[in-house]
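Just so it is clear, none of the values below were taken in a lab; they were calculated from the coordinates. Note that this is a predicted model, so its numbers are computed, not measured. For neighbour counting, all protein chains shown are included, and Cβ atoms are generated from backbone atoms with ideal geometry for every residue, glycine included.
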Amino acid sequence: MKRISFVATLFSMLAILTSCTEKKPSLHGEWYGMRDKSLLTFTLNDDSTFQLKSEASSNFTFSGKYAMDESATPATIDLTECSNGMGGAGVLRLNEDGTLEINLNFGAPGMVARAEKIDPNPTELTAAYLKLTKDKESILAETARQIEIPAEAKLAFERNEILGAGINLNAVVDGNLHQGYERDAPLADEEIKSIAEVGFRSVRLGVCWSKHASGKKPYTIDKAFFKKVDHLVDECLKNDLAVSIDVHYYPYINMAEGVDSLTLEENYERLDYLWQQIAEHYKDYPNDKVFFDLLNEPNTQMGADKWNEVYAGLIKTVRKTNPERTLIIATPNLGQHWTLNLLDLPKDDWNLIVQFHYYLPHLFTHNGLSYAQADGSQYNVWKGTPEETAPILSDLDFCQQWSKRNGRPLNMGEYGCVNTCEPESRARYIGFMLEQARKRGFSSHIWAYREPFMIRDEQTGKWITPILEAMKLK
């Protein structure tokens with residue numbers, strides 16, 4: 001009995017020694033995951049450097065140094081000396097199945113508040129959750145989507161060509177809410193004529209319908225306001241300009257602030273009632289010249305899943321009176337290009353154009369604007385060097401590949417550069433962006449006609465010539 005006991009004790013001790021000397025799986029090497037349903041690669045090198053690469057977004061593609069403390073609870077990770085000028089601080093967890101979870105907060109170097117826990121659903125725009133694996137093939141299998149594109153998809157591409165290179169007609173009926181720019185100014189008929197004469201082919205008409213509709217069911221739109229919008233649409237058509245009628249600046253749904261008397265769900269219902277009226281009102285307008293842009297920049301509070309649900313309902317509502325109308329669907333989470341894969345488009349409706357907005361590099365395009373958290377930016381010169389153009393080309397290539405793979409045309413519904421930037425840089429950037437959109441078959445609408453992104457001087461009534469020349473509209 002003693003001998004058996006001794007042997008058992010010996011095996012037990014050996015098991016303990018073995019477990020103590022076993023190495024933990026290495027965190028070094030390439031990890032793969034998805035961000036917004038697109039491939040993400042996170043490489044942790046032995047020399048404490050890292051590379052983060054997003055298939056969809058240059059904004060989430062950068063390199064730098066990292067430091068980890070695996071003895072902390074939870075384990076921590078810090079990203080420093082990042083090539084994008086940012087810093088990151090977060091927590092990580094290596095799971096028994098070999099997956100790695102990381103929560104990171106981003107911000108100015110040395111000023112980032114560390115993420116406190118593993119949370120798959122962070123709410124802040126500056127926060128990220130990554131679930132990674134070393135099994136690349138499993139991720140590629142998830143991101144690969146086989147879509148059968150019917151012949152009827154051709155119509156939306158043809159309509160997208162009609163939109164061509166256009167302009168956002170802002171601060172006319174959009175109820176601008178940005179501090180210092182709150183106005184809806186009159187617009188002379190001659191100004192619409194001038195838009196056509198300089199070579200634009202379409203107008204994206206941002207309309208703040210919610211400011212001119214009842215707050216109670218059936219949320220009736222004011223008749224006088226309808227007439228104001230009618231006149232603008234009619235003048236566009238008179239000048240052979242296609243027009244996209246856009247629901248812009250809607251409280252609670254694409255703006256942070258809202259009407260306290262209505263809940264979020266009631267606002268979704270109200271949006272549907274508004275489109276019932278808009279669709280009925282314009283049902284006899286030409287299908288190849290008037291487009292319906294269902295909602296500008298759906299906010300992050302709504303999220304992708306809810307937006308997919310909301311626009312699916314809006315499509316059904318509009319189709320009751322406008323079966324042949326081409327509809328424009330924004331990407332979720334503020335209309336970003338990298339959220340294209342989050343759209344779940346209906347398989348029985350191919351008369352749709354998908355819209356994304358593009359304002360990168362942000363600190364240049366929004367130089368000095370406090371509402372865009374760029375008031376301290378000194379980035380006001382853009383020379384169009386290979387280093388500056390490479391991330392933009394990568395992003396737009398991703399969009400083009402998405403369009404081909406999914407059989408859906410794309411509209412770059414907003415792009416532009418604030419007028420605080422050096423004038424030659426503005427013209428150079430805008431010309432480059434439009435050239436790249438054309439090459440890829442995207443329609444586009446520059447932001448904007450008025451306010452700090454304006455490309456026409458309201459004081460003199462003259463277009464900014466270097467910008468028009470760079471755009472090569474004629």
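Couplings 3J(HN,Hα) for the stretch 283-295, derived from phi with the Karplus relation 6.51 cos²θ - 1.76 cosθ + 1.60 (θ = phi - 60°), are 4, 9, 6, x, 5, 8, 10, 10, 10, 10, 9, 5, 6 Hz, where x marks Gly and Pro. Phi angles of the stretch 72-86 translate, via the Karplus equation with coefficients 6.51, -1.76, 1.60 and θ = phi - 60°, into HN-Hα couplings of 6, 10, x, 4, 10, 9, 10, 10, 10, 6, 6, 5, 8, x, 9 Hz per residue; Gly and Pro are given as x. Cβ-to-Cβ counts within 10 Å put LEU393, LEU163 in ascending order as LEU393, LEU163, the fewest first. In the stretch 180-326, the inverse of the mean reciprocal separation of distinct Cα atoms equals 16.2 Å; this is its Kirkwood hydrodynamic radius. Summary of the geometry: the stretch 413-468 and the stretch 123-192, compared by the centres of their Cα atoms, lie 17 Å apart. Across the stretch 239-370, the relative contact order, built from alpha-carbon pairs under 8 Å that are at least six residues apart, equals 24 percent.
Alpha carbon centre of the stretch 227-246 versus the stretch 59-100: separation in Å? Cα centres, the stretch 227-246 to the stretch 59-100: 51 Å.
Estimated from helical segments only, the mean residue ellipticity of the chain at 222 nm is -10000 deg cm²/dmol, where each DSSP H run of four or more residues counts as -39500 (n - 2.57).
Kirkwood Rh, Cα Rg: Rg to Rh for the chain? My calculation puts Rg/Rh at 1.06. Under 5 Å between amide hydrogens, built in the peptide plane, is the criterion, and for ILE455 it picks out ALA448 among residues at least 5 positions away or on other chains.
Max-minus-min Cα coordinates of the stretch 29-136 on each principal axis give 34, 33, 32 Å, with the largest extent listed first.
Of the residues ARG159, ARG270, ARG114, the one with the fewest other Cβ atoms within 10 Å heads the list, and the complete ranking is ARG114, ARG159, ARG270. Residue exposure proxy: SER214, SER202, SER71, ordered by other Cβ atoms within 10 angstrom of their Cβ from fewest to most, comes out as SER71, SER214, SER202. Of all lysines in the structure, the ones whose alpha carbon falls short of 29 Å from that of LYS216, not counting any fewer than 8 places away in one chain, are LYS227, LYS228, LYS283, LYS306, LYS316, LYS320. Stokes-Einstein diffusion of the stretch 305-444 at 20 °C, 1.002 mPa s viscosity, Kirkwood radius from Cα pairs, rounded to a whole number: 131 µm²/s. In straight-distance terms, cross-link reach from LYS383 covers every one of the lysines whose alpha-carbon lies under 19 Å from its own, apart from those fewer than eight places away in the same chain; here that gives LYS472.
When only the Cβ of Lys, Arg, Asp and Glu is charged (+1, +1, -1, -1), the dipole of the chain relative to its Cα centre reaches about 700 debye.
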